[in-house]
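What follows is one structure encoded as structure tokens, with my remarks underneath.
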Amino acid sequence: MCSPQAMATVQRAITRRRFLGAAGSTGALAVLGGVGRPQSAALQGAATPGATPVIAPLGTPIATGCFGSVLDLTHTITPDFPVFPGSEQFQANVLVRVEQDGFYKSQLVLDEHTGTHMDAPAHFDANGPKADTLPVANFVAPLAVIDVAARAAANDDYQVTVDDILAWEAQNSALPEGAFVAMHSGWEARLATPGAFLNADAGGTLHFPGFAPDAAAFLVEERSIVGIGVDTISLDFGASTDFATHLTVLPAGKYGLENLANLSVAPPVGATLVVGGPKHLNASGGPSRVLALF
Ligand SMILES: [Zn+2]
């Protein structure tokens, strides 16, 4: 069942689309989360009241009654999910079991920067907001996905450039107001091969793609964004020693999302990002449930 607010949003979107006509603004639709866009043939599991939910394979957009479809951009955290060198691996220590105790729960050992997670401004800025105090309005944003997978396949140290952003805009639309800009490098396929995701060389230097510092500065200064995200473990490319992209984005009050999943399935434009960010006290960041609605 859709809420009255959701139905009102749909009605406004339909009215607006009619007003804009065939030559209407893609950006306006993106801000509205692409309501009314045609659904992909890959969609499964349309929500029907009383129907048994369809379990779709991970990474498959799920059709819903309210928002078109929902895509999970979140990895499952496992004890062997790669963490930044020096950080402790995730552990879930089972405390009680249904069979023995009547209920089930675990205690977690968890570095804040594990799995699909947020970097709050405070992660690199002593005076920046922590994750638990970021405005929640920033957690719902038009999603722009910049696909650099072909270039990253040829260059482990690839960094998203200003030209990549301008090319995305030429192909899609001007970046919407308050956008969240994500890099799709194809790196998540490397999770299947131990060591390949962090891709350390013999000297211990990591090699994976990220945003170039000048591209980050362009987004912060020349565009309106709430944050940037990557399908690698860091906003900066792996070989960075100065973390200049973190130091550009986070002290500007923007947040980062790292280890995003399924960006290959997300549309380049027209989806709405929804971030279930962490809310423990004084969070530098933390594991987040991240969705794309389109
Ligand atoms: Zn992080």
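Points to keep in mind about this one:
- Residue in segment 183-198 that is within 13 Å of the ligand (Cβ to nearest atom) and within 21 Å of Ala141 (Cβ to Cβ) present: no
Okay, residues lined up against (1) under 13 Å from the mean Cα position of the chain (by Cα); (2) away from the ligand (no atom under 16 Å from the Cβ); (3) buried (at least 24 other Cβ atoms within 10 Å of the Cβ):
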| residue | (1), (2), (3) |
| --- | --- |
| Asp201 | no, yes, no |
| Pro213 | no, yes, no |
| Val220 | no, yes, no |
| Ser264 | yes, yes, no |
| Ala271 | yes, yes, yes |
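- Answer residue from segment 111-130, given it is hydrophobic (A, V, I, L, M, F, W, C) and within 13 Å of the ligand (Cβ to nearest atom) and is nearest to Pro82 (Cα to Cα) among those: Met118
- Once segment 70-106 is narrowed to residues that are in a strand (DSSP E or B) and over 23 Å from Met118 (Cα atoms), the residue that is nearest to the ligand (Cβ to nearest atom) is Asn93.
- Cβ-Cβ contacts under 7 Å between residues 6 or more apart (or on different chains), taken from a first residue in segment 218-236 that is within 10 Å of Val249 (Cβ to Cβ) and of a type in the set (D, E, K, R) to a second residue that is within 16 Å of the ligand (Cβ to nearest atom) and part of a strand (DSSP E or B), are listed as Asp236/Gly210.
- When segment 138-176 is filtered for residues that are closer than 13 Å to Phe211 by Cβ, part of a loop (DSSP other than H, G, I, E, B) and either in contact with a strand residue (DSSP E or B) (Cβ under 6 Å, 6 or more places away or on another chain) or among the hydrophobic types (A, V, I, L, M, F, W, C) (or both), only Val148 remains.
- Count of segment 142-167 residues, restricted to those that are aliphatic (A, V, I, L, M) and in contact with a Ser or Thr (Cβ under 7 Å, 6 or more places away or on another chain), is 4.
- Which listed residue, of Ala170, Ala174, is free of Cβ contacts under 8 Å to residues at least 40 places away in the same chain and either within 16 Å of the ligand (Cβ to nearest atom) or hydrophobic (A, V, I, L, M, F, W, C) (or both): Ala170
- A single entry from Trp168, Trp187 fulfils the requirement of being surrounded by 18 or more Cβ atoms within 10 Å (Cβ to Cβ) and within 21 Å of Phe81 (Cα to Cα): Trp187.
- Subset of segment 246-260 [within 15 Å of the ligand (Cβ to nearest atom) and either among the small types (Gly, Ala, Ser) or within 22 Å of Thr76 (Cα to Cα) (or both)]: Tyr255, Gly256, Leu257, Glu258, Asn259, Leu260
- Residue selected from segment 131-147 under the condition away from the ligand (no atom under 16 Å from the Cβ) and of a type in the set (Gly, Ala, Ser), by the criterion nearest to Glu169 (Cα to Cα): Ala144
- Scanning segment 63-88 for residues that are surrounded by 15 or more Cβ atoms within 10 Å (Cβ to Cβ), at pLDDT 95 or above and not hydrophobic (A, V, I, L, M, F, W, C) yields a total of 4.
The values are calculated or read from the model by the stated rules, or taken from the named source; none is laboratory data. A quick note: this is a predicted structure, and the numbers were derived from the prediction, not measured. Methodologically, a virtual Cβ is constructed for each residue, glycine included, from the backbone with ideal geometry; neighbour enumeration extends over all protein chains shown.
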